[in-house]
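Shown next, in structure tokens, is the structure this report addresses.
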Amino acid sequence: MVTCPGCALLCDDIEVVVENNRIKETRNTCRRGAARMKGCVNRLAPSVAQKPDDIENAIKKAAAILQNAKSPMLFGWSNSTCEAQLEGIQLAKKMSAIMDDTSSFCQGLLIERILQKKFRTCTLDDIRNKADVLVYWGSDAQDSQPRHLSRFSYFPRGELRQRGYEEDRIAIAIDVRESNTAKICKGHFYRIPPKGDREFILALMDALSGKVPAYEPKKMLELAAILKKAEFGAIFVGLGLTYSIKDDFDILIPLADKLPNFNIMPMVGHYNMRGFNEALFKETGFVNRVKFDGKAIHDSRYSIVEALRKSIDALLVVGSDPLSSLPRSVIPHLANIPVICIDPCVTLTSKIAAVTIPCAVSGVETGGSTVRMDGKRVELSKCIESNYLNDKEILARLMEAL
Amino acid sequence: MVTVMELYRLLPGTNCKKCGESTCMAFAVALLSRKKNIPECIPILLENFKKQKEKLELLLLPSAGAEETGMIIHPELCTGCGNCVVACPVDVANDPRGAAVGCAPTNDKVIFKVKDGKVVALNIKECRRFGKNRVLCYACIDPCPAGAIEFV
């Protein structure tokens with residue numbers, strides 16, 4: 001049994017068939033996990049200034065770029081092991097660098113509040129064993145974390161929910177479109193207009209307090225009645241909800257207070273995003289967007305989007321592809337600064353990078369520890385042998401070279 | 001999905017009984033449930049029924065790869081989520097500590113397993129749609145929003 005690094009569910013019941021030091025077949029993984037475990041189609045090669053080079057030179061050149069930079073930034077981290085992330089934080093401290101990860105434009109807002117204990121939360125195993133009402137809010141778990149419904153939330157039978165989805169559980173979807181998750185929720189799908197989450201939350205709070213809500217009163221009262229009856233509920237907060245209320249995120253706190261039997265679960269995409277958030281929170285008290293300058297300073301200026309527009313003069317990307325995931329308006333700024341890319345595969349970012357350093361695929365060619373979306377620590381296993389250095393070793397070498 | 005009437009309209013309609021069935025309608029029903037094959041209808045093999053025969057073959061093409069119970073899995077649509085593995089009542093009964101609680105199947109008695117991110121059907125004779133006491137079970141179709149499982 002090995003652990004799948006496909007998404008933040010970190011399924012640890014995977015079997016792999018290895019032949020000639022290659023993964024020939026994966027069993028029990030979803031399609032996303034199977035693709036991740038079978039490795040990349042185009043393996044990254046070490047290069048300096050777009051020309052092939054050896055890895056030692058690439059690391060030396062990367063160290064030189066970082067050393068010459070006045071304001072370097074370290075970005076990525078959500079697809080690295082906890083050990084590599086800790087090494088990265090030390091590297092950032094040493095260089096007085098800006099540090100940010102993909103949670104900056106993902107679930108950072110929610111995870112920060114969960115770590116500050118502003119929301120009640122639970123583990124995915126608690127949900128499997130106890131939950132009777134599940135709310136997928138702005139989240140298409142069926143497509144983003146394919147085994148979420150079958151392994152932890154809706155379909156399985158649990159200790160207190162022996163009849164599973166057939167009788168013991170109710171799944172509710174609140175979304176702007178009829179996603180695949182909403183199709184499974186069938187009778188309990190509440191469609192809202194884009195950016196309509198705030199209005200929906202206010203109306204739901206009215207309905208829970210016994211007032212007649214202004215927004216779709218009949219449906220809201222019906223939903224409030226289901227939520228009130230829940231013995232153990234879970235609200236799966238997806239990116240849809242986080243993006244919609246990002247300017248006033250604390251509006252979720254009074255709603256959570258009105259639902260004492262409910263727990264909040266962040267729907268994280270990258271497999272170790274929460275690991276990085278927890279590590280940085282422990283070190284600095286913030287989950288992302290930090291500049292180390294003697295002490296850690298947290299500011300929205302240090303988010304990858306803002307920093308690229310203004311202040312940085314070198315970028316180290318570890319296991320991420322900002323070129324394909326950032327807004328188009330900030331992409332041109334990537335061309336103006338030297339980019340160092342540490343990744344197992346060829347990505348759009350690696351194609352424009354000044355230095356590329358290939359690394360081993362975590363969870364396949366190298367082990368390590370990771371943190372699941374609910375905060376449980378899960379160990380990744382090594383399935384096949386590889387000559388590639390892992391993220392941690394590369395960062396340690398960079399540190400030495402500096 | 002193709003209906004009995006669609007098949008019946010393409011048959012000769014002579015009720016000649018050469019196929020062993022009492023009427024062409026009975027033969028259409030047998031065709032749909034894959035108990036009979038098109039060449040068993042002798043008159044349709046004649047030249048003047050060539051077009052009808054081709055149409056029939058076209059209509060029955062989707063069910064060509066079906067299992068004995070009529071199950072077809074479309075691997076190109078499957079996301080490997082495993083909802084069917086956990087929802088199937090046979091899997092639950094045969095593997096109460098594995099598939100039933102959402103984990104990987106722990107034995108080979110289950111009907112569904114996921115390999116390389118796509119579901120495959122095993123032990124098809126265990127399916128509740130098979131055998132004398134068959135029932136019209138939808139447990140694997142309902143939880144699949146991708147529509148990767150179909151019965152013909």
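The values are calculated or read from the model by the stated rules, or taken from the named source; none is laboratory data. Every value quoted in this text rests on a predicted model; they were computed, and no experiment measured them. Here the Cβ positions follow ideal geometry from the backbone for every residue, glycine too, while neighbour counts run over all protein chains shown.
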field: Filtered residues of the stretch A:130-164 (kept if at the interface with chain B (Cβ under 9 Å from one of its Cβ atoms), touching a residue at least 12 places away in the same chain (Cβ under 8 Å) and in a helix (DSSP H, G or I))
entry: A:GLN142, A:ASP143, A:HIS148, A:LEU149, A:ARG151, A:PHE152
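Each row is one residue, and each column tells you yes or no for (1) acidic (Asp, Glu); (2) crowded, with 23+ Cβ neighbours inside 10 Å; (3) within 30 Å of B:ALA148 (Cβ to Cβ).
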position: A:ILE127; (1), (2), (3): no, yes, yes
position: A:VAL133; (1), (2), (3): no, no, yes
position: A:GLY138; (1), (2), (3): no, no, yes
position: A:SER150; (1), (2), (3): no, yes, yes
position: A:SER153; (1), (2), (3): no, yes, yes
position: A:GLN162; (1), (2), (3): no, no, yes
position: A:ARG177; (1), (2), (3): no, no, yes
position: A:PRO193; (1), (2), (3): no, no, no
position: A:GLY196; (1), (2), (3): no, no, no
task: Return yes or no: is A:GLU306 touching a residue at least 60 places away in the same chain (Cβ under 8 Å) and not hydrophobic (A, V, I, L, M, F, W, C)?
output: no
- prompt: Somewhere in the stretch B:62-75, is a residue in a loop (DSSP other than H, G, I, E, B) and within 29 Å of A:SER144 (Cα to Cα)?
  reply: yes
- line: Among A:CYS82, A:CYS11, A:CYS40, the single one that is of a type outside the set (S, T, N, Q), modelled with pLDDT of 90 or more and closer than 25 Å to A:GLU393 by Cα is A:CYS82
- prompt: Do we find that A:SER324 is among the hydroxyl-bearing types (Ser, Thr, Tyr) and either outside the structural domain of A:PRO358 (by TED's automatic domain parsing) or in a helix (DSSP H, G or I) (or both) in this structure?
  reply: yes
message: Exactly one condition in (1) under 28 Å from A:GLN116 (Cα atoms); (2) under 22 Å from the mean Cα position of the chain (by Cα); (3) buried (at least 19 other Cβ atoms within 10 Å of the Cβ) is false for A:TYR243; which is it?
response: (3)
query: Can you name every residue in the stretch B:98-118 that is hydrophobic (A, V, I, L, M, F, W, C), over 20 Å from the mean Cα position of the chain (by Cα) and more than 7 Å from chain A (Cβ to nearest Cβ)?
result: B:ALA99
message: Can you pull out every residue in the stretch B:86-110 that is under 16 Å from B:ASN123 (Cα atoms) and not in a helix (DSSP H, G or I)?
response: B:CYS88, B:ASP95, B:PRO105, B:THR106, B:ASN107, B:ASP108, B:LYS109, B:VAL110
statement: For the stretch A:236-272, the count of residues that are part of a helix (DSSP H, G or I) and closer than 30 Å to A:GLY367 by Cβ equals 1
task: Could you please give the count of residues in the stretch B:76-97 that are buried (at least 20 other Cβ atoms within 10 Å of the Cβ) and facing another protein chain (nearest Cβ under 9 Å)?
output: 11
task: Restricting attention to strands (runs of 3 or more DSSP E) lying wholly within the stretch A:1-119, give those where 1 or more residues are buried (at least 17 other Cβ atoms within 10 Å of the Cβ), of a type outside the set (Val, Ile, Thr) and more than 14 Å from chain B (Cβ to nearest Cβ).
output: A:72-76, A:98-101
